[in-house]
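A.B. asks: Take a look at the following structure, please.
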Amino acid sequence: MQLQKKDLPESQIELSIEVSADEAKTFLIKAASRLAERTKFEGFRPGKAPYDIVKQRLGEMSIYQEALDNIISHFFWQAVTQEQLNTVSQPKIDLEKFAPGNPIIFKATVALLPQVTVGSWQKIKVAKQEIKIQNPEVDQVIEDLRKHQVKETLVSRPAQNGDRVEIDFTVALDKVVIEDGTGKKYPLVIGDKMMIPGFEEPIIGMNQDEEKTFQLQFPEKYQNSMIAGKRCDFKVKLLSVYQRELPPVTDEWAKGMGTENVQDLKSKIKKNLEDEQKFHEEQRWEAALLKEIVAQSQFSEIPEVLVDNEAHRMIHEFEDSIAAQGIQFEDYLKNIKKEKKDLSAEFRPKAMERVKTSLIIRAIADAEKVVVTEPELKQETEKILAQVQDNQEATDNIRSEGYQHYLQTVVRNRKVIELLKKAIGQD
C-alpha cells in the first residue's frame, strides 16, 4: 500500500491510498466466492466455482465491484492504524482509479479527534427521580385492554357518547376545502377526543344519513400553520352507528389475560409500568449525567463534518419516526412548509451536543483504558447475526471491518456508561 497524507482545515486529513493488484488479490478471491454462492454454476456446488470460471461467466469487473467496499475499508483502517490517527467520523471516499489488473487508488477524507479536556466527572451528582405508579395509570391500561376486546353492534338510533360512528366530512376555510380536509367513511369513537376540541359534540344525537354543519376554531399551535387559530366550516354526514360493549372487569376476564384474577392482573400491569419507567428514567439520568460532564469540559475546534454528519443522522432518525406513524416524510415537510436543509439547520445545536457527548465518552474511555476484548466483540456480533440468519448480504455487512469498528464503538460506549455508574454509586 502506498500512502500520502494531506492536512486539511477544521481538523481533517486527506489520505491518498494506492492498493496494488497483488494486495487486492485476496479480497478478489473472497468476492468471487461470494458471487459463486449467489449464482448457480453448472458442475459446482454453491461457492465452489473457481475464480476463472466466475470471471468468465460474470466478468472481472463484477468481482472487483463485489470486493471494492472490503478493499477500501481494510486499507483505510490499515492507513489509520499505521499513521496512528484518531479519527472520529466515517471517511468520505473518492474513487480515483478502479479497473481490473490495475492498482486501486482512492482518497479518504476524515475528521480527526479534537482535543478534549474532560471535567471532573467523578464529582458530578445527578439525582434520579423516584419511580411511583399511581392507580389511575393501571386503570388506564386495563381500559385499553378492554377496548381491544370491544364488541360492536350496528344500531339504528341516534349517536351517543361511547359509540363508534362512520362519517363523511369536509373542512373549509373561506368556503375553500383545505388540504387533506375531507374524510370518507371516517371511523370515530365519540369520547376518545381524537379530533380537535368541539368536533365530537355536534355528532351526538345525529341519526343515520343526517347531515350537520358547524364552525370550530383550530388550536393556535395546530400542526398545519395555514389553519392554526382559524375558524373553519365543518360539514358532517353520519353514515352508521355502532354500539360498543366493553367486557366487564372480572376475575374470569383477567384469566383470559393470562393472570389468576383482577388483583394479579393489576399487580403485573403495575410491575410492567414500573419497569418501563425505570428504563426511561435510566436513559434520562445517563443523558443528564453526560450533559453535565460536557458542560464542565473544554473542546478544541470541532470539525464541521462531524456536526453535519450527526445532523444528517438525526434527520434520518426523524424520518423513520414519521414513517412509523404511516406518514410520508415528503408530505410532512410539505405540510410544515420546510425542506430537509431547514431541518438540518434546526438540528445543528442538538447535533453539536451529541458530537460533544461522543467525544467525551471516547476521552473517558482512553483515560480509563476502557477496551473492548475479542470475546466481547464476538458476543455482540453473534447477537446481531442471530437476527439476520437468512440474509447473507446483511451477514456479510455485519462481519465487514467497517461494521466491526462500529460495533467496537457501541460496546465501548456501553462500558463507559457502566464505569460512570459504578464510579458515582449509581450501578
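A.B. asks: Could you tell me which of the residues 94, 69 is of a type in the set (Asp, Glu) and over 23 Å from residue 38 (Cα atoms)?
C.D. replies: Checking each option against the conditions leaves just 94.
A.B. asks: I'd like the full set of residues that are surrounded by 13 or more Cβ atoms within 10 Å (Cβ to Cβ) and of a type in the set (A, V, I, L, M), limited to region 304-326.
C.D. replies: Hits for region 304-326 are 305, 306, 307, 311, 314, 315, 322.
A.B. asks: List pairs: first residue in region 274-297 and over 13 Å from residue 129 (Cβ atoms), second residue surrounded by fewer than 13 Cβ atoms within 10 Å (Cβ to Cβ) anywhere in the structure, Cβ distance under 8 angstrom, at least six positions apart or on different chains.
C.D. replies: 296/120; 297/117
A.B. asks: What's the number of the condition residue 105 fails, among (1) touching a residue at least 60 places away in the same chain (Cβ under 8 Å); (2) surrounded by 15 or more Cβ atoms within 10 Å (Cβ to Cβ); (3) in contact with a helix residue (DSSP H, G or I) (Cβ under 8 Å, 6 or more places away or on another chain)?
C.D. replies: (3)
A.B. asks: From 89, 16, 20, grab the single residue that is in contact with a Pro (Cβ under 9 Å, 6 or more places away or on another chain) and closer than 30 Å to residue 115 by Cα.
C.D. replies: Result: 89 is the single residue among 89, 16, 20 that is in contact with a Pro (Cβ under 9 Å, 6 or more places away or on another chain) and closer than 30 Å to residue 115 by Cα.
A.B. asks: Kindly indicate the residue of region 256-266 that is touching a helix residue (DSSP H, G or I) at 6+ places or on another chain (Cβ under 9 Å) and in a helix (DSSP H, G or I) and also nearest to residue 140 (Cα to Cα) among those meeting that condition. Let's see the steps before the verdict.
C.D. replies: Initially, region 256-266 is screened for residues touching a helix residue (DSSP H, G or I) at 6+ places or on another chain (Cβ under 9 Å), giving 257-266.
Cutting the leftovers down to in a helix (DSSP H, G or I) gives us 262-266.
Working: 262: 14, 263: 15, 264: 16, 265: 13, 266: 11 Å.
Among residues in region 256-266 that are touching a helix residue (DSSP H, G or I) at 6+ places or on another chain (Cβ under 9 Å) and in a helix (DSSP H, G or I), the one nearest to residue 140 (Cα to Cα) is 266.
A.B. asks: Report those strands (runs of 3 or more DSSP E) wholly inside region 132-239 carrying at least 3 residues which are exposed (fewer than 13 other Cβ atoms within 10 Å of the Cβ).
C.D. replies: 151-155, 176-189, 211-217
A.B. asks: Picking from 190, 133, which residue would you name as being within 30 Å of residue 290 (Cβ to Cβ), of a type in the set (Val, Ile, Thr) and at pLDDT 90 or above? Can you show your working first?
C.D. replies: Details: 190 fails: within 30 Å of residue 290 (Cβ to Cβ).
When all the criteria are applied, what remains is 133.
A.B. asks: Name the one entry in 56, 115, 65 that is out of contact with any helix residue (DSSP H, G or I) (no Cβ under 6 Å at 6 or more places or on another chain), within 26 Å of residue 306 (Cβ to Cβ) and of a type in the set (S, T, N, Q).
C.D. replies: One residue alone meets the criteria, 115.
This table checks each residue for (1) more than 28 Å from residue 75 (Cβ to Cβ); (2) assigned by TED's automatic domain parsing to the domain that holds residue 88; (3) in contact with a helix residue (DSSP H, G or I) (Cβ under 6 Å, 6 or more places away or on another chain).
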site: 328; (1), (2), (3): yes, no, no
site: 333; (1), (2), (3): yes, no, no
site: 339; (1), (2), (3): yes, no, no
site: 375; (1), (2), (3): no, no, no
site: 384; (1), (2), (3): no, no, yes
site: 404; (1), (2), (3): no, no, no
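A.B. asks: Among helices (runs of 4 or more DSSP H) lying entirely in region 321-427, which contain 1 or more residues that are modelled with pLDDT of 90 or more?
C.D. replies: Hits in region 321-427: 340-367, 374-385, 401-423.
A.B. asks: Determine whether region 275-288 contains at least one residue that is over 26 Å from the mean Cα position of the chain (by Cα) and either farther than 30 Å from residue 114 by Cα or outside the structural domain of residue 417 (by TED's automatic domain parsing) (or both).
C.D. replies: No, the conditions are met nowhere in region 275-288.
A.B. asks: Which one of the conditions (1) surrounded by fewer than 18 Cβ atoms within 10 Å (Cβ to Cβ); (2) among the charged types (D, E, K, R); (3) under 30 Å from residue 107 (Cα atoms); (4) within 37 Å of the chain's Cα centre (by Cα) does residue 60 fail to meet, given that it meets all the rest?
C.D. replies: Only one criterion is unmet by residue 60, namely (4).
The values are calculated or read from the model by the stated rules, or taken from the named source; none is laboratory data. Model, not experiment: these values are computed from the prediction. No Cβ is skipped: glycine too gets one built from the backbone with ideal geometry, and neighbour counts run over all protein chains shown.
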